[in-house]
Amino acid sequence: MTSTVVAPVTPAETTRGAEATPRRRGLTWLGLVPFGAYVVLFLAIPAVLAVASGFFDADGAFTLSNFSAYTNPAILNNFWSSLWISAVTSILGAVFGALICFALLGTKADRALRSTVDSASSVLAQFGGVMLAFAFIATIGAQGVLTKWLISLGLTTNVFNSFNGSGPLLYQVPGLVIPYLYFQVPLMVLTFMPAMEGLKSTWAEANATLGGTRFTYWTRIGMPILAPAFFGSLILLFANSFSSYATAAALISQGGIIPLAIRQQLTSETIVGVANVAGVLALGMVVVMIVLMSVYTALQRRASRWRR
Amino acid sequence: MSAASFSAEPRRVTRWIILGVAAALFVIPILAMIEFSLRAGQTGGYDFSHYAAIFTAGRAGTYDVLFQGITNSIGICVVTVLIVLVLLLPTMILVELKYPRLRSVLEFICIIPITIPSIVLVVGFIPVYSVVARMFGSNPWTLSFAVGIIVLPYAYRPIAANIAAIEIVTLTEAARSLGAGWGQVLGRVILPNLRSGILSSCFITIAVVLGEYTIASFLSQNTFQTALVLVQHTDPYVAVIFAVFALVFAFVLLLIIGRLGSLGRNRRSA
């Protein structure tokens, strides 16, 4: 790809004259500076500061003592909650999203149905955040439509307004699963649909010619081929749920998942002398994300084999 | 129609059952928001009183923080779009024309923000912004520098797709050999061809900026989202109304982006 684009550039530069080229190169190089400086100042430095701050104490001396946060049962509990919420919402989201993709198989990409599903998916996948929290407060919150409906049916204490003996489900960590699914499923549709569309009709025909049924097609051809793409999307969903903050922040005022634990640390850090635990927690999140992204790239490489 | 039984496609009934159930489940929370915003107190009746309250002068004071937040968010939108147009776009064109080998580096840089959770970046933004505040004061628009980073992956993709779809190097060569200066190449050849990609980038940027909460809340700026959270404590109805407005607005923006995309496709196939 790169070489084909480079090729036409060279003859034009030679026509410009031998001595003009180096000078121009010198000037055009400066064109990369503003963006480079911006990325260094607002991406590289913050990212390094975030991770590195965990290694320093309040006086700026190097220390590993902040890592003792990971022996704190409350922090470990938050980490565990983050992981299982991400696992549950990514598995459920991936399965339901894949089902929707399956239902869309065979529909034309330019028809109204597909363009509606595509637009709706991209809006809803972006819908995470405060407004999503409001939507579910209005649906299954204490005064929510479904909650009130269940009460009107005679279920005055139902799963939505009294979960686990500690108030409405929505304001507890397990309750996050429901709003999270609301952006996980659309994200799955967006990321998995291209792989689903990559299934060639000739494979279904070959299966039929050889006497296969719909069942053998899916178990022996469809699922094995789609597996890397499916697990790749699943990991993307896991990462998406793991790093999401705003929805949980609007619903839960205490800790509960690791981004909320970082909030607690950051808001209490206004007291001088408190160690940089937030940096250590941020490092923990980054480590999880790096592992996820490495597996994701490996799976993407496998998935793209069939798309050549 | 016997072929249909062999194909991978679902049967009509299966398809419509799956899509119908999914549509119903996804519409319920949105209908619930609308129902919630129309409630008249605890009586069980419905009216538009919460909508009317937004515009009545007497209660306007309650929503000052919200309107201030919206104003700030619009300001941040403008500056962030400028960052995309002035920093990202020229760099992308320059890399494409002069440094094609750097293209994968640029792409990698623009993808990074999606892999670092905002809450992690916030930990790093707090010390950076103590310096920024000393230089520019703690104006809301300074938030654009941080939000611009969050926006990079979304803004990069439409422009990159557009650049890949047109023969930008060939077009430039053609214009240059016909005697056009670099200004003419940029203004009359490259930018008009990238119009739909640039517009999509700007719309996505606006959608992301309006939905951004994490950074604004930690850097103590009043934006649309942080104001929604504040107002929600005193008047949940109005918060829900504005959330519905924002959702509709985002949907319209994305529909326009979809239209732009299909317009581009039509032109290419023609």
Mind telling me which of the residues A:Ile91, A:Ile85 ends up being more than 29 Å from B:Ile149 (Cα to Cα) and at pLDDT 90 or above? A:Ile91
Please work out if A:Leu210 is under 30 Å from B:Val122 (Cα atoms) and either modelled with pLDDT under 90 or not acidic (Asp, Glu) (or both). no
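Which is within 13 Å of B:Leu89 (Cα to Cα) and assigned to a helix (DSSP H, G or I), of B:Ile111, B:Ile149, B:Ile119, B:Ile163?
Details: B:Ile111 fails: within 13 Å of B:Leu89 (Cα to Cα); B:Ile149 fails: within 13 Å of B:Leu89 (Cα to Cα); B:Ile119 fails: within 13 Å of B:Leu89 (Cα to Cα).
Among B:Ile111, B:Ile149, B:Ile119, B:Ile163, only B:Ile163 is within 13 Å of B:Leu89 (Cα to Cα) and assigned to a helix (DSSP H, G or I).
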Count, please, the residues in the range B:74-101 that happen to be facing another protein chain (nearest Cβ under 9 Å), hydroxyl-bearing (Ser, Thr, Tyr) and part of a helix (DSSP H, G or I). 1
Cβ-Cβ under 8 Å pairs, at least 6 apart or on other chains, the range A:249-263 side within 12 Å of A:Gln172 (Cβ to Cβ) and in contact (Cβ under 8 Å) with a residue 24 or more places away in the chain, far side outside any helix (DSSP H, G or I) and of a type in the set (Gly, Ala, Ser): none
Is it true that B:Pro192 is in a helix (DSSP H, G or I) and surrounded by fewer than 17 Cβ atoms within 10 Å (Cβ to Cβ)? yes
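Just to check your reading of the model, which residue among A:Ser121, A:Ser90, A:Ser81 is more than 7 Å from chain B (Cβ to nearest Cβ) and within 14 Å of the chain's Cα centre (by Cα)?
Details: A:Ser121 fails: within 14 Å of the chain's Cα centre (by Cα); A:Ser81 fails: within 14 Å of the chain's Cα centre (by Cα).
Sole residue among the options that is more than 7 Å from chain B (Cβ to nearest Cβ) and within 14 Å of the chain's Cα centre (by Cα): A:Ser90.
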Scanning for something within 30 Å of A:Pro224 (Cβ to Cβ) and assigned to a loop (DSSP other than H, G, I, E, B), does the range A:156-175 turn up at least one residue? no
Just name the residue that is modelled with the lowest pLDDT out of those in the range A:256-304 that are more than 30 Å from A:Phe230 (Cβ to Cβ) and hydroxyl-bearing (Ser, Thr, Tyr). A:Thr270
Of (1) surrounded by fewer than 24 Cβ atoms within 10 Å (Cβ to Cβ); (2) of a type outside the set (Ser, Thr, Tyr); (3) part of a helix (DSSP H, G or I), A:Leu187 satisfies all except one. Which? (1)
Which of the residues belonging to the range B:10-48 are in contact (Cβ under 8 Å) with a residue 12 or more places away in the chain and among the aromatic types (Phe, Trp, Tyr)? B:Phe36
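Listed here are the residues, each with its yes/no results for (1) within 30 Å of B:Thr223 (Cβ to Cβ); (2) within 11 Å of another protein chain (Cβ to nearest Cβ); (3) not aliphatic (A, V, I, L, M).
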| position | (1), (2), (3) |
| --- | --- |
| B:Ile149 | yes, yes, no |
| B:Leu152 | yes, yes, no |
| B:Ala164 | no, yes, no |
| B:Gly183 | no, no, yes |
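Taking B:Ser104, is it at the interface with another protein chain (Cβ under 9 Å from one of its Cβ atoms) and more than 23 Å from A:Ser241 (Cβ to Cβ)? Quick ask: steps written out before the conclusion?
Values: at the interface with another protein chain (Cβ under 9 Å from one of its Cβ atoms): yes; more than 23 Å from A:Ser241 (Cβ to Cβ): yes.
Yes, satisfied.
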Kindly establish whether B:Thr43 is facing chain A (nearest Cβ under 9 Å), modelled with pLDDT under 90 and surrounded by fewer than 15 Cβ atoms within 10 Å (Cβ to Cβ). no
Report every pair of residues separated by at least 6 positions or lying on different chains whose Cβ atoms are under 6 Å apart, first residue within the range B:136-164 and free of Cβ contacts under 8 Å to residues at least 12 places away in the same chain, second of a type outside the set (A, V, I, L, M). B:Phe136/B:Thr142
Qualifying positions in the range B:114-142 - crowded, with 22+ Cβ neighbours inside 10 Å and out of contact with any Ser or Thr (no Cβ under 7 Å at 6 or more places or on another chain): B:Ile116, B:Val120, B:Leu121, B:Gly124, B:Phe125, B:Tyr129
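Please enumerate the residues belonging to the range B:202-223 that are closer than 22 Å to B:Leu255 by Cα and of a type in the set (A, V, I, L, M, F, W, C). Before you say what the answer is, go through the steps one by one.
Quick first cut of the range B:202-223, residues closer than 22 Å to B:Leu255 by Cα only: B:202-212.
Matches in the range B:202-223: B:Cys202, B:Phe203, B:Ile204, B:Ile206, B:Ala207, B:Val208, B:Val209, B:Leu210.
Please work out if B:Leu88 is in contact (Cβ under 8 Å) with a residue 60 or more places away in the chain, under 23 Å from B:Arg195 (Cα atoms), surrounded by 20 or more Cβ atoms within 10 Å (Cβ to Cβ) and within 20 Å of the chain's Cα centre (by Cα). Steps first, please.
Details: in contact (Cβ under 8 Å) with a residue 60 or more places away in the chain: yes; under 23 Å from B:Arg195 (Cα atoms): yes; surrounded by 20 or more Cβ atoms within 10 Å (Cβ to Cβ): yes; within 20 Å of the chain's Cα centre (by Cα): yes.
For B:Leu88, the condition - in contact (Cβ under 8 Å) with a residue 60 or more places away in the chain, under 23 Å from B:Arg195 (Cα atoms), surrounded by 20 or more Cβ atoms within 10 Å (Cβ to Cβ) and within 20 Å of the chain's Cα centre (by Cα) - is met.
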For the structure I just gave you, tell me whether A:Ser253 is of a type in the set (Gly, Ala, Ser), closer than 23 Å to A:Val88 by Cα and modelled with pLDDT of 90 or more. no
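The values are calculated or read from the model by the stated rules, or taken from the named source; none is laboratory data. Bear in mind the structure is a predicted one, so any value in this text is a computation, not a measurement. Every residue, glycine as well, gets a Cβ built from its backbone with ideal geometry; the counts of neighbours run over all protein chains shown.
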